[in-house]
1. In a GNM of the chain with a 10 Å cut-off on Cα contacts, which of Q18, Q60, Q93 has the highest mean-square fluctuation?
2. Return the whole-Å distance between the Cα centroid of segment 31-70 and the Cα centroid of segment 145-167.
3. Under the definition of Cα pairs under 8 Å and six or more residues apart, what whole-number percent is the relative contact order of segment 264-378?
4. If packing is taken as the average number of other Cβ atoms within 10 Å across a peptide's residues, how do 192-205, 28-41 rank, most packed first?
5. Where Lys and Arg each count +1 and Asp and Glu each count -1, what net charge lies around D84 among other residues with Cβ under 14 Å from its Cβ?
6. Let me check against my output: what whole-number percent is the relative contact order of the chain, with C-alpha pairs under 8 Å and at least 6 apart?
7. What is the distance in Å between the Cα centroid of segment 180-198 and that of segment 353-369?
8. Once you sort the root eigenvalues of the Cα gyration tensor of segment 223-378 as a ≥ b ≥ c, which label holds: rounded (a/c under 1.5), prolate (a/b larger than b/c) or oblate (the other case)?
Amino acid sequence: MDDTAALKKTPLHALHLQLGARMVPFAGYDMPVQYPAGVMKEHIHTRTEAGLFDVSHMGQVIVKAKSGSYEDAALALESLVPVDILGLAEGRQRYGFFTDDSGCILDDLMISHLDDHLFVVVNASCKEADLAHLQTHIGDRCDITLLNRALIALQGPRAVEVLAELWADVAAMKFMDVRHCRLHDVSCLVSRSGYSGEDGFEISIPADKAEDVTMRLLEHPDVQAIGLGARDSLRLEAGLCLYGNDIDTTTSPVEAALEWAMQKARRSGGARAGGFPGSGRILSELDNGAARRRVGLKPEGKAPVRGHAKLYADAEGKAEIGEVTSGGFGPSVEGPVAMGYVPVSHAAAGTLVYAEVRGKYLPITVSALPFVTPTYKR
């Protein structure tokens with residue numbers, strides 16, 4: 001029996017095969033992990049020119065209040081996230097996360113204010129659960145619609161010049177701006193954002209026109225198709241969390257070092273403090289700190305330390321203190337990089353800890369995140 005038969009396909013699936021991609025199962029989809037160039041070259045190409053990623057497996061959702069009012073939609077969504085949505089200007093986007101009653105993370109997401117409604121992008125692995133969560137908790141006040149659209153990301157220093165050839169106004173956009181536009185005569189939604197640490201754009205395209213627009217971008221000599229392998233090494237170097245690895249239902253936003261994503265309005269003393277699941281714990285941790293923290297980790301030597309490796313305070317492996325959540329080789333850093341959780345006592349940059357790798361205890365230095373300087377156009 002063909003195992004790939006049960007996997008879902010994105011609207012660009014045929015194009016990946018045509019480009020010679022090596023396909024792997026990911027979050028229920030048959031996805032390109034790399035193309036013939038290979039992960040290292042794809043990673044460097046994105047950092048130096050422009051890489052194009054298929055992220056159509058992610059969920060694109062419209063949240064619109066039954067009353068038709070943006071304020072009602074914003075307040076409804078605020079009951080599920082510790083983020084200021086009411087204060088989000090039209091045409092702007094914000095990072096956020098669904099929290100549960102224990103103050104942990106159900107999923108992380110991007111939230112955009114478009115006219116009278118919200119456009120929300122959720123992770124593929126959590127798509128069904130997130131839709132059910134929205135429906136259960138705010139479905140009485142809001143219409144929740146999953147869109148059948150493709151989503152691509154164009155990332156890297158040449159991304160703006162490439163996209164400007166199809167739509168000149170793109171150059172005026174700032175980091176986290178969202179705009180409707182026509183690309184190659186197709187109605188698209190473009191945000192100046194991404195998950196690589198580079199300047200770039202995410203482009204939502206009607207499913208039946210996705211291949212046309214993507215092919216048009218790939219025709220540019222500076223653009224190369226990039227698979228999930230390089231997407232992972234790029235986001236790891238940029239210190240960005242992957243849901244299911246670095247954040248999940250066992251991690252709180254403060255433990256995950258995501259305080260920056262929770263605005264003043266939702267914190268203690270703010271205009272709309274609390275009112276989201278797990279607010280007791282989260283507000284307390286915002287005020288007093290958490291016992292452990294997500295940190296950057298730089299292993300000594302060239303061998304990568306992978307996720308789930310245990311971390312110890314001592315070279316003998318007697319005092320276990322935490323775990324690596326993501327790890328691999330950082331092509332731009334030219335060495336291994338990782339992230340993981342350690343007690344606050346060991347979270348300062350420069351602290352030496354040890355990771356267990358095949359029965360040996362390898363020295364690792366706690367490092368500030370990100371490992372590369374982001375090039376977002378603020």
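Just so you know, all these numbers are worked out from the coordinates, no wet-lab data involved. All of these numbers come straight from a predicted model, not from anything done at the bench. Cβ sites come from the backbone with ideal geometry, for glycine too, and all protein chains shown count toward neighbours.
1. Answer for the Gaussian network model of the chain: Q18.
2. Cα centres, segment 31-70 to segment 145-167: 9 Å.
3. So the answer I get is 26 percent.
4. Going by the mean number of other Cβ atoms within 10 Å, highest first, we get 192-205, 28-41.
5. Around D84, the surrounding residues sum to +3.
6. 17
7. That distance is 39 Å.
8. Oblate, since a/c reaches 1.5 and b/c is not below a/b.
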